[in-house]
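Data block below; observations after.
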Amino acid sequence: MALSIEPLFSDPVNGDFYKKAFLFLTEPERMVSFHVPWEDDNGEQHVNRGWRVEFSSALGPYKGGLRFHPTVNDGILKFLGFEQIFKNALTGLPLGGGKGGSDFDPKGRSDGEIRRFCESFMTQLNRYIGASTDIPAGDIGVGGREIGYMYGQYKRLTNLHGEGVLTGKSPLFGGIKLRPEATGFGAVYMAQHAIEDKLKSTLQGSHCAVSGSGNVAQYASRMLINLGAKVVSVSDSNGCLVFRDGMTNDDWDQLIEAKQVKRTRLSSLSCGEYIPSHSPWTVDDLSIDYAFPCATQNEIDSDGASLLMSKGCKGVFEGANLPVTAQGQEVLRENQKVLYIPGKAANAGGVGVSGLEMSQNAGKTYWAKEKVDVMLKDMMAGVYKQMKDGAGEDGSLEEGCNRAGFLKVAHALKELGWVY
Ligand code: NDP
Ligand code: 2IT
């Protein structure tokens, strides 16, 4: 991000202002941290830490997901919240940026334990959020089930119902249709735009490696299959499941059953070839035309990026947030032909449809899935255009999206009188 923004600091007219605005944005407006006590199924008490980073409200209420994972700490949430500011700016909706979560590890926990944890988390969090203040959603370890339990507790505590205070809710109580699919579908729509525009090609028949097997990976895979691409991998933190001829619809159904219903590991699936202790970025003999990292940050290091380049990979589209390390990014930049689209553009469809859920809730109504899909496609086309325009004649798409997001927020800071 900083590498793309730095050249703006020498702009003869606005350089000093851009520098001040960037520095202003590097610290969150507010950050809260709290205890989350909860009881396991044996009656034993545990206490985890929860956080909410309210990073920037320049464009609108703080907006961003909640992550439950043992690696969560304030530093990780700050980098995620920082990225979220510029991603949300690119959606074209009036959304500020935030992120939150807990170091709670949901793996292996019963439904009752998850519910008790979510209720306790919301007992603390509810005092900081609101439909016009801060609107959390899901991220790693937080899906529809967790959002439901948190919203249930929010309703009990506040006597406010039908509020767009959380997004990613069930369509039974205000959730927008297509939110579960939005991040993965959006990443593939973005890849389609870039491949058609820059390579005059399509995804049809191409070998696409997907990492992760959670929400984003599941629906990126679904849309890639719909478009005739071969999904050659998915993964989890224990290993990689490889489909050399592409995942079939039956394989995808098995994946969904395993992950959404049984909540089990990829190693238990009877389809594909399971390679323990590997990710799609470490398997030497896997053909990859396009990479869709959809697991977590720093999953593609310089070796992974070099391996992708040696295979002739033509595009990296980040479904996850910051999945390529700084050294891995250098490898991609050296290869000037590869289409590299950062998460703040490629995965913006998730928060974009969350923004639509807020509008839907404010209107006390429901929108048809087809309507939401059209709006998601338009939004991704808009993000692609801003990225291309931001790149100008010589810049990369990476620079273009970083600059377009930043400039929008910087100009808002000036008009609000917050930076002058
Ligand atoms: P899920 O919890 O649904 O799935 C996460 C997946 O990533 C799992 O397969 C998990 O494997 C794997 N994973 C997590 N941590 C690691 C790790 N340290 N090493 C290897 N694999 C890991 O999360 P999502 O699909 O929602 O999120 C995936 C990424 O997409 C994240 O970077 C998130 O920030 C980003 N994102 C999500 C959006 C959303 O709407 N959900 C929107 C935009 C971005 P395991 O089960 O073994 O942990
Ligand atoms: O990283 C992200 O954009 C998300 N986890 C989704 C945030 C949201 O508010 O829908």
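Determine whether residue 217 is part of a helix (DSSP H, G or I), of a type in the set (A, V, I, L, M) and under 20 Å from residue 375 (Cβ atoms).
No, not satisfied.
Which pairs do you get when a residue that is more than 10 Å from ligand 1 (Cβ to nearest atom), found in the range 340-362, comes within reach of a residue that is assigned to a helix (DSSP H, G or I) and β-branched (Val, Ile, Thr), reach meaning Cβ atoms under 8 angstrom, with the pair 6+ apart or on two chains?
So the pair list comes out as 345/383; 356/372.
Here's a check for you: in the range 220-239, which residue that is near ligand 1 (Cβ under 8 Å from one of its atoms) and not in a strand (DSSP E or B) is surrounded by the most Cβ atoms within 10 Å (Cβ to Cβ)?
Per the criteria, the residue is 237.
Going residue by residue through the range 315-325, is there one that turns out to be modelled with pLDDT of 95 or more, part of a helix (DSSP H, G or I) and either away from ligand 2 (no atom under 13 Å from the Cβ) or hydrophobic (A, V, I, L, M, F, W, C) (or both)?
Scanning the range 315-325, I find no residue that is modelled with pLDDT of 95 or more, part of a helix (DSSP H, G or I) and either away from ligand 2 (no atom under 13 Å from the Cβ) or hydrophobic (A, V, I, L, M, F, W, C) (or both), so the answer is no.
Could you please give the count of residues in the range 264-304 that are within 16 Å of ligand 2 (Cβ to nearest atom) and at positive phi?
Of the residues in that region, 1 qualify.
Name the one entry in 205, 175, 186, 212 that is within 16 Å of ligand 2 (Cβ to nearest atom), under 26 Å from residue 340 (Cα atoms) and in a loop (DSSP other than H, G, I, E, B).
Answer to the selection: 212.
For the range 265-324, enumerate the residues that are surrounded by 18 or more Cβ atoms within 10 Å (Cβ to Cβ), among the acidic types (Asp, Glu) and out of contact with any Leu (no Cβ under 9 Å at 6 or more places or on another chain).
Passing the criteria: 299, 318.
Looking only at the range 62-79, decide whether some residue is among the hydrophobic types (A, V, I, L, M, F, W, C), away from ligand 1 (no atom under 13 Å from the Cβ) and crowded, with 22+ Cβ neighbours inside 10 Å.
no
Return the only residue of 385, 377, 369, 344 being modelled with pLDDT of 95 or more and either within 13 Å of ligand 2 (Cβ to nearest atom) or crowded, with 21+ Cβ neighbours inside 10 Å (or both).
Criteria check complete, one pass: 344.
Would you list the strands (runs of 3 or more DSSP E) that sit entirely within the range 41-153 and hold 1 or more residues that are more than 11 Å from ligand 2 (Cβ to nearest atom) and touching a residue at least 40 places away in the same chain (Cβ under 8 Å)?
Because the criterion is at least 1 residues that are more than 11 Å from ligand 2 (Cβ to nearest atom) and touching a residue at least 40 places away in the same chain (Cβ under 8 Å), the strands (runs of 3 or more DSSP E) in the range 41-153 that meet it are 45-56, 62-68, 97-102.
The values are calculated or read from the model by the stated rules, or taken from the named source; none is laboratory data. Note that the structure is a prediction, hence the values are computed from the model and not measured. Counting neighbours? That spans all protein chains shown, and the Cβs are built from the backbone with ideal geometry, glycine included.
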